[in-house]
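Visitor: Here it is, the structure, as structure tokens.
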Amino acid sequence: MSSTTEATSEKWQAKSVMKLFRNNYHFFLELIFPKKCIGCGKFGQILCPDCQNQIKMIKTFNCPHCGRITRSGQVCRSCKGKNRLTGLLVAADYRSGPTKELIHNLKYNGLIEIAPILGGMLISRMQKSKLRGQLVLLPVPLHWFRRRSRGFNQAEVLARIVGKKLSIPVETVLKRKKNTKPQVELSGQKRRKNLFSTFICSDKKAVAGKTVILIDDVSTTGATLEECAKVLRTAGARQVWGLVVARG
Ligand SMILES: [Zn+2]
Ligand SMILES: [Zn+2]
């Protein structure tokens, strides 16, 4: 064999190995990093059926301020004026089953394959809600700096999944003005201060006269949703709802 044919043959082999790898990328990836269940650590799936069954979905609709049961999760009569949100829809209990771990692994470990599971929980909550009319989904924004270091905004990923399934438009008109310290490092009052005037609505037309649904993975004190709601009300939104996987 001449050296040129040898080189061509080697090149061809390398090419076919690359092709094999590319076509079976997920297979190889799983061989190197086998999937482990977030809930119990068993190998095979990101969430095994047993752990999936442990997710505790919330069946009641409650006032986000006092917890009293309301017709569709809206702020109750005695709490009116204490909250800028029209209401809040919470899909699951944070502390039961694998919910907390799922949220944490999507957010901090970047396990994007968790998004469809959490998205499915939001979809199921939306379908049981009584929200109708001109709806628009708005993901709670991350600051660009944190978005860059994480690679994605988990709230936006979830909003896209919900929007696609339920045919509701997703708008990313809510922006953050300045970077705020991570909320977890601050106490309740400081959280509110930290958030003060950090959100802006970049296109009022996208929300004016509409029922806006703010999407986030988790709401802890509700301060973030409150601040967003304030901005959106000023921009002319008819109603502002929150839709979250869980309340931390
Ligand atoms: Zn499991
Ligand atoms: Zn209430």
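Visitor: Could you check segment 29-67 and list, in sequence order, the residues that are of a type outside the set (S, T, N, Q) and either under 25 Å from T221 (Cβ atoms) or within 16 Å of ligand 2 (Cβ to nearest atom) (or both)?
Guide: Result: I55, K56, M57, I58, K59, F61, C63, P64, H65, C66, G67.
Visitor: In segment 179-188, is there at least one residue being within 18 Å of V245 (Cβ to Cβ), surrounded by fewer than 17 Cβ atoms within 10 Å (Cβ to Cβ), modelled with pLDDT under 95 and of a type outside the set (A, V, I, L, M, F, W, C)?
Guide: Yes, the conditions are met somewhere in segment 179-188.
Visitor: Same structure again: Scan segment 203-238 for residues that are modelled with pLDDT of 95 or more, of a type in the set (S, T, N, Q) and not in a helix (DSSP H, G or I) and jot them down.
Guide: If the condition is that a residue be modelled with pLDDT of 95 or more, of a type in the set (S, T, N, Q) and not in a helix (DSSP H, G or I), then T211 is the only one that fits.
Visitor: Among the residues of segment 78-88, is there at least one that is outside any loop (DSSP other than H, G, I, E, B) and surrounded by fewer than 18 Cβ atoms within 10 Å (Cβ to Cβ)?
Guide: yes
Visitor: Check segment 74-97 and report whether any residue there is hydrophobic (A, V, I, L, M, F, W, C) and away from ligand 2 (no atom under 16 Å from the Cβ).
Guide: Yes, the conditions are met somewhere in segment 74-97.
Visitor: When you check P64 against the structure, is it exposed (fewer than 11 other Cβ atoms within 10 Å of the Cβ), touching a strand residue (DSSP E or B) at 6+ places or on another chain (Cβ under 6 Å) and not in a strand (DSSP E or B), yes or no?
Guide: Considered against the rule, which asks whether it is exposed (fewer than 11 other Cβ atoms within 10 Å of the Cβ), touching a strand residue (DSSP E or B) at 6+ places or on another chain (Cβ under 6 Å) and not in a strand (DSSP E or B), P64 comes out as no.
Visitor: Consider L102 carefully, then state whether it is within 22 Å of the chain's Cα centre (by Cα), away from ligand 1 (no atom under 16 Å from the Cβ) and either modelled with pLDDT of 95 or more or not in a helix (DSSP H, G or I) (or both).
Guide: Spelling it out, it is not the case that L102 is within 22 Å of the chain's Cα centre (by Cα), away from ligand 1 (no atom under 16 Å from the Cβ) and either modelled with pLDDT of 95 or more or not in a helix (DSSP H, G or I) (or both).
Visitor: Another question, then. Would you point out which residue out of I168, I161 is over 23 Å from A223 (Cα atoms), crowded, with 19+ Cβ neighbours inside 10 Å and touching a residue at least 40 places away in the same chain (Cβ under 8 Å)?
Guide: I161
The values are calculated or read from the model by the stated rules, or taken from the named source; none is laboratory data. Keep in mind it's a predicted model, so treat the numbers as computed, not measured. Cβ: placed from backbone, ideal geometry, glycine included. Neighbour counts: every protein chain shown.
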